[in-house]
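Working notes, structure below.
The values are calculated or read from the model by the stated rules, or taken from the named source; none is laboratory data. Just so you know, these numbers come straight off a predicted model, no measurement behind them. Cβ sites come from the backbone with ideal geometry, for glycine too, and all protein chains shown count toward neighbours. Note: areas computed on protein heavy atoms with side chains; ligands, DNA, RNA excluded. Shrake-Rupley method; radii C 1.70, N 1.55, O 1.52, S 1.80 Å.
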Amino acid sequence: MKKILVTGCLGQIGSELVPHLRKIYGADNIVGTDIRKVEGSKVIEGGPFEILDVLDAKKMGEIAKKYKCDTIVHMAALLSAVAEAKPALAWELNMGGLFNALEVARENKCSFFTPSSIGAFGSTTPKAKTPQDTIQRPETMYGVTKVSGELLCDYYHKKFGVDTRGVRFPGLISYVAPPGGGTTDYAVDIYYKALQEGKYNSYIAEGTYMDMMYMPDALNAVVKLMESNPEKLIHRNAFNITAMSFEPSQIAAEIKKHISSFEMTYEVDPVRQGIANTWPDSIDDTCAREEWGFENKYNLENMTTDILDKLRKKLDIK
Ligand code: AKB
């Protein structure tokens, strides 16, 4: 990777991935793009930035050519709960944007990364230690677009030789950008509310396990996979990766170690709970660890210590 075009760079992942890539590859070599502009954004001011609607394939191609990009990191997509509320838009954006980005990669001979998700699984998938290769019959529009995306990336690799790679991200937890409409977002909100209000009302029911990962591990995973030896990659487009699996009362117990008065209540949202019920309890990421050396530094304990510390500073809470 030398010159990288990132779509959706102001989203939850993009707004941390772009500064991370700029540190490694040089600020001028990372071209951030997003459909909107946010005044004063560090991502926009820290290097090249272009307004781009990923449904505009022509403009995407022009940007790739203008900066002579050799890699596309395609992040622009709707998350699960929003996709379920707006299924037609989710199909249009998640699939149309991906198709355009793959075409631009093919035409410009770019390497390609895009994330899939634990949402690519469904209720007929084995729930515990979900294998890399298994049943994938998701029941959400988000999941349908994720499985279709995995297949489309495989197709572009086999048919056109595009160097496509990807991971199935679990819920990502971060203190930088707020997530936008995911099912796993309770595990981000809870830290804000713990510090600001000392309590949290969870929309996910006690006992609902989902895989999660702290953002620094996710950023390292993207770079490590893209820099790995292609000859060792058997799966390429949709590696299971995970750092931890927990349910709401476990994250609450971990927070209580730092804020002893913290209280958790439950008011389950049937839509997001319904989505979570179809996702795995825990996934098996042996293939990622063996094929390209995926590793995580953070677990629930050291993530909680770190995120509370960082959020205290961000929110100016003593
Ligand atoms: C979501 O909850 O939609 C995402 C995901 C797991 O893909 N965080």
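Could you tell me which of the residues GLU247, GLU263 is in contact with a Gly (Cβ under 9 Å, 6 or more places away or on another chain) and either among the β-branched types (Val, Ile, Thr) or over 30 Å from GLN132 (Cα atoms) (or both)?
One residue alone meets the criteria, GLU263.
Count, please, the residues in segment 1-27 that happen to be at negative phi and of a type in the set (Gly, Ala, Ser).
Qualifying residue count, segment 1-27: 4.
Say we look at segment 259-294 and pick out the residues that are free of Cβ contacts under 8 Å to residues at least 40 places away in the same chain and of a type outside the set (S, T, N, Q); which of these is surrounded by the fewest Cβ atoms within 10 Å (Cβ to Cβ)?
Here the answer is PRO270.
Name the single residue, out of those in segment 163-189 being assigned to a loop (DSSP other than H, G, I, E, B) and under 19 Å from GLU291 (Cβ atoms), that is farthest from the ligand (Cβ to nearest atom).
Taking the candidates together, the pick is ASP163.
ILE234 passes all but one of (1) more than 13 Å from the ligand (Cβ to nearest atom); (2) crowded, with 23+ Cβ neighbours inside 10 Å; (3) not assigned by TED's automatic domain parsing to the domain that holds GLY293; which number fails?
Of the numbered conditions (1) more than 13 Å from the ligand (Cβ to nearest atom); (2) crowded, with 23+ Cβ neighbours inside 10 Å; (3) not assigned by TED's automatic domain parsing to the domain that holds GLY293, the odd one out for ILE234 is (2).
Run down ALA187, ALA177, ALA205 and say which single residue is in the same structural domain as TYR298 (by TED's automatic domain parsing) and in contact with a Ser or Thr (Cβ under 6 Å, 6 or more places away or on another chain).
Selected residue: ALA177, the only one of ALA187, ALA177, ALA205 that is in the same structural domain as TYR298 (by TED's automatic domain parsing) and in contact with a Ser or Thr (Cβ under 6 Å, 6 or more places away or on another chain).
Does ALA81 count as within 16 Å of the ligand (Cβ to nearest atom), touching a helix residue (DSSP H, G or I) at 6+ places or on another chain (Cβ under 7 Å) and open to solvent by 10 Å² or more (accessible area, probe 1.4 Å)?
When the stated conditions are applied, ALA81 passes them.
Is there a residue being surrounded by fewer than 22 Cβ atoms within 10 Å (Cβ to Cβ) and not in a strand (DSSP E or B) anywhere in segment 240-247?
Within segment 240-247, one or more residues are surrounded by fewer than 22 Cβ atoms within 10 Å (Cβ to Cβ) and not in a strand (DSSP E or B).
Would a scan of segment 217-238 turn up a residue that is more than 22 Å from PHE112 (Cβ to Cβ) and out of contact with any Cys (no Cβ under 9 Å at 6 or more places or on another chain)?
no
Take the residues of segment 17-47 that are in a helix (DSSP H, G or I) and open to solvent by less than 30 Å² (accessible area, probe 1.4 Å): which is nearest to GLU227 (Cα to Cα)?
Filtering first and then ranking leaves LEU21.
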